[in-house]
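Quick notes on the structure that follows.
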Amino acid sequence: MHGKKPAKEDEPAPYSTLNVGVWKILLLQEPPQYSKFIRRKYNGFASLVPLARRFLSDIYQLHPTLFVLVLLTQFCIGIEATVLLHLSNQLLYIIEGSIVKGSPDAPAILTAAVARVLCLLIFATISWYNARITPKLRTRITYYFQEKCLRDDLNVDLAGIEANRARRCATEQEALSTFDSLSSFLSRVISLFAQLWFIYRQPSGGVVFTALCTIYPIYVTAMSRSLWMKPHVLYSEHPQYLRLMALNQLGQSEYREDILSSDISDHVVSEYKKARRELNSAATDHPDTLYRHYLTPLNEIMKYILQELPMIYCTIQMLLLPKMFSVTSIAILQQRASVVRTTLQHTIIDIRSLENDQQTIRNLYEAPEITLVDGKMTYPNPEVKEAKGMSLEMRNVTFTYPGAKAKGEVLKGVSFKIEPGQLVMVVGSNGSGKSTIVKLFTRLYDATSGQVLVDGRPIQEYRQKDLRQATAVLTQNHRLLPLSFAENIGWGLPEQRDNADMLAESARDGGAADIISQHPSGLQTVLEPIPTAWGYYLDPKKASHGALKA
């Protein structure tokens, strides 16, 4: 079942190969060190607290009232089951007492029933209100963190993209998921403590019964086998399984012409049947599903025993102290024990997922690495007398693109100077470095060695914003923005983007006026509209469905 690979001195840890069905799973062999595990979990939770506080504080600042209302309604939803069970408990005890006495206590029964119905109406209203306001907060969260991610992405220079390639940036959807996870966890914890407190306060409950209710979910969590959040590698070498997958692909459209023209359809099906028979009963379920299965039934037997521990305890107590129990109290305890087990299991799952939440929050607030340090000198330099233009110079410049783009030196020992007002054309074959020269003069990158000078000073001394405002670049891979004609033109000079006369003049000078005039919305025509319409379950044969599409 297990094949072990001997560890070498330079290997960080040995691993084992586990065969499950048609799959092979490579797992690190990590000896169980429970004290270290508990310490790591505690340290992880402790480091999560300040991160979660900052994360939730930012969300609170978006709309304090809405934030508090969402959490309050979730708190109420969390204690709903316990409150309703308490009222049901009172109603059942009154009914049981009436049965024992032989005469119903109508006022008490009616009062208890009305109280439960009123609570149901209140909690239903709270749940409805929570469903109404939560999307509003979620929208604010989504676009707040989308703006933050956008700002971080736009602040990273081209060289920084390579430097930050190994850094995984969190998205606004992950931020939203983290908020849902944290708020759900808090609500579930409140619900769990309310349920445990209710059981503890029962005359036939107590500390022992309450503790027994928690053993089963803790045992299930401790003994569960799962690949979730475990470093592992999955693959299959099973020849029949791989052949089945390959033969099944022959039914796809890209192979259809070859299969039909060769008239081998029957042969493909025949080979598939043969491979299926040879596969026999080898399990092909998901590896994680197969990995969860134990070789013996002992674990399942233990789970069933632990699940019944609370009722076993009640049975023993009832034999010893029969006056403490009634049919109603036993039914309520049994129901509540089942609910506590489920709630605690989900709470433990939430705790385990907090590790992902912690990493998401850290990624949200971890600033991307900026590789090009901005200068402090303004451009144009007020100390320099008015000139006809910008002086550009390279002195023995060598440049290699960073990271994945690196394919040797693009420029090597390049030196030349362009005087102010001089018209210069750089020519050369593809890949000779023409575009790279432009990128260095606009400081999208810094030279690997040598100097790039602007007006006789190193380009690194100038503020990047000033340099780029003083230059205009039209690259060979220039892209239109997915915005309007007006914004594509006006964003070249953002402070004048609303100047209709300048926009029209720029469109005429750029030769775009005729193209723009062909569109009904003119300058306000959006070049690449964002698609927002989707159709589902539409039948083109039905006229009524066609009206929807129209």
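Among the residues that make up region 219-235, is at least one of them closer than 22 Å to GLN29 by Cβ and in contact with a Gly (Cβ under 6 Å, 6 or more places away or on another chain)? The answer is no, given that none of the residues of region 219-235 is closer than 22 Å to GLN29 by Cβ and in contact with a Gly (Cβ under 6 Å, 6 or more places away or on another chain). Whenever a residue of region 365-390 is under 18 Å from GLU461 (Cα atoms), its partners that are open to solvent by 90 Å² or more (accessible area, probe 1.4 Å) and at pLDDT below 80, lying with C-beta atoms within less than 8 angstrom and at least six residues away or across chains, give the pairs ILE370/ASN155. A single member of LEU306, LEU290, LEU279 is surrounded by 13 or more Cβ atoms within 10 Å (Cβ to Cβ), within 39 Å of the chain's Cα centre (by Cα), within 30 Å of VAL207 (Cβ to Cβ) and among the hydrophobic types (A, V, I, L, M, F, W, C), and it is LEU306. Going by the structure shown, is PRO50 within 40 Å of the chain's Cα centre (by Cα), open to solvent by 40 Å² or more (accessible area, probe 1.4 Å) and at pLDDT 80 or above? Here the answer is yes, as PRO50 does meet what is asked. Among what's in region 470-485 and is more than 35 Å from the chain's Cα centre (by Cα) and free of Cβ contacts under 8 Å to residues at least 40 places away in the same chain, pick the residue that is most open to solvent (accessible area, probe 1.4 Å). My answer is LEU474.
No other residue among GLN74, GLN61 is part of a helix (DSSP H, G or I), open to solvent by 60 Å² or more (accessible area, probe 1.4 Å) and either polar (S, T, N, Q) or in contact with a Cys (Cβ under 8 Å, 6 or more places away or on another chain) (or both) apart from GLN61.
Quick grid of which residues meet (1) out of contact with any Asp or Glu (no Cβ under 6 Å at 6 or more places or on another chain); (2) open to solvent by 40 Å² or more (accessible area, probe 1.4 Å); (3) at pLDDT 90 or above:
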{"position": "ASP357", "(1), (2), (3)": "yes, no, no"}
{"position": "ILE361", "(1), (2), (3)": "yes, no, no"}
{"position": "LEU392", "(1), (2), (3)": "yes, no, yes"}
{"position": "ASN396", "(1), (2), (3)": "yes, yes, yes"}
{"position": "GLY403", "(1), (2), (3)": "no, yes, no"}
{"position": "PRO420", "(1), (2), (3)": "yes, yes, no"}
{"position": "GLY450", "(1), (2), (3)": "yes, yes, yes"}
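Residue selection: LYS407 satisfies the criterion of being at pLDDT below 90, part of a loop (DSSP other than H, G, I, E, B), of a type in the set (Lys, Arg) and open to solvent by 40 Å² or more (accessible area, probe 1.4 Å).
Scan region 252-263 residue by residue and report those that are of a type outside the set (Ser, Thr, Tyr) and open to solvent by 50 Å² or more (accessible area, probe 1.4 Å).
Passing the criteria: GLN252, GLU254, ARG256, GLU257, ASP258, LEU260, ASP263.
Considering region 494-543, the residues that are in contact with a Leu (Cβ under 9 Å, 6 or more places away or on another chain) and among the charged types (D, E, K, R) include one that is nearest to LEU480 (Cα to Cα), namely GLU528. Per the conditions (1) more than 30 Å from PHE179 (Cβ to Cβ); (2) modelled with pLDDT under 85; (3) in contact with a Gly (Cβ under 9 Å, 6 or more places away or on another chain); (4) open to solvent by 90 Å² or more (accessible area, probe 1.4 Å), the sole criterion not satisfied by PRO380 is (3).
The set of residues from region 177-198 being open to solvent by 60 Å² or more (accessible area, probe 1.4 Å) and of a type outside the set (Gly, Ala, Ser) comprises LEU186, ARG188, PHE193, TRP197.
Regarding ILE79, is this residue out of contact with any strand residue (DSSP E or B) (no Cβ under 6 Å at 6 or more places or on another chain) and farther than 25 Å from VAL189 by Cβ? Considered against the rule, which asks whether it is out of contact with any strand residue (DSSP E or B) (no Cβ under 6 Å at 6 or more places or on another chain) and farther than 25 Å from VAL189 by Cβ, ILE79 comes out as no. Across region 229-281, the number of residues qualifying as without any contact (Cβ under 8 Å) to a residue 12 or more places away in the chain and in contact with a Leu (Cβ under 8 Å, 6 or more places away or on another chain) comes to 1.
Can you find a residue in region 119-126 that is within 21 Å of TRP197 (Cα to Cα), open to solvent by less than 80 Å² (accessible area, probe 1.4 Å) and over 36 Å from the mean Cα position of the chain (by Cα)? Yes, because at least one residue in region 119-126 is within 21 Å of TRP197 (Cα to Cα), open to solvent by less than 80 Å² (accessible area, probe 1.4 Å) and over 36 Å from the mean Cα position of the chain (by Cα).
Here are some conditions: (1) within 34 Å of the chain's Cα centre (by Cα); (2) part of a helix (DSSP H, G or I); (3) not polar (S, T, N, Q). LEU444 meets all but one. Which one does it not meet? LEU444 satisfies all of (1) within 34 Å of the chain's Cα centre (by Cα); (2) part of a helix (DSSP H, G or I); (3) not polar (S, T, N, Q) except (2). Taking first residues from region 306-318 that are under 13 Å from TYR219 (Cα atoms) and partners that are at pLDDT 85 or above and open to solvent by less than 40 Å² (accessible area, probe 1.4 Å), the Cβ contacts under 6 Å between residues at least 6 apart in sequence or on separate chains come to LEU306/TYR216; GLN307/TYR216; LEU309/LEU212.
Residues in region 488-539 that are surrounded by 14 or more Cβ atoms within 10 Å (Cβ to Cβ) and touching a residue at least 40 places away in the same chain (Cβ under 8 Å): 2 in all.
Tell me the residue from VAL220, VAL233, VAL269, VAL207 that is among the β-branched types (Val, Ile, Thr), within 32 Å of the chain's Cα centre (by Cα) and either surrounded by fewer than 12 Cβ atoms within 10 Å (Cβ to Cβ) or at pLDDT 90 or above (or both), please.
Values: VAL220 fails: either surrounded by fewer than 12 Cβ atoms within 10 Å (Cβ to Cβ) or at pLDDT 90 or above (or both); VAL269 fails: within 32 Å of the chain's Cα centre (by Cα); VAL207 fails: within 32 Å of the chain's Cα centre (by Cα).
Every option except VAL233 fails the conditions.
Within region 95-109, the residues that satisfy the criterion of being open to solvent by 50 Å² or more (accessible area, probe 1.4 Å), closer than 26 Å to LEU333 by Cβ and in a helix (DSSP H, G or I) are ILE95, ILE99, VAL100, LYS101.
Given the residues THR284, THR315, THR328, THR289, which is the only one that is in a loop (DSSP other than H, G, I, E, B), out of contact with any Cys (no Cβ under 6 Å at 6 or more places or on another chain) and polar (S, T, N, Q)? Show your work before the answer.
Values: THR315 fails: in a loop (DSSP other than H, G, I, E, B); THR328 fails: in a loop (DSSP other than H, G, I, E, B); THR289 fails: in a loop (DSSP other than H, G, I, E, B).
Matching residue, one of THR284, THR315, THR328, THR289: THR284.
The values are calculated or read from the model by the stated rules, or taken from the named source; none is laboratory data. Every value quoted in this text rests on a predicted model; they were computed, and no experiment measured them. Note that each Cβ is placed from the backbone with ideal geometry, even for glycine, and that neighbours are counted across all protein chains shown. Each accessible area value is taken on the protein alone, full model and side chains, heavy atoms only, with ligands, DNA and RNA left out. Shrake-Rupley method; radii C 1.70, N 1.55, O 1.52, S 1.80 Å.
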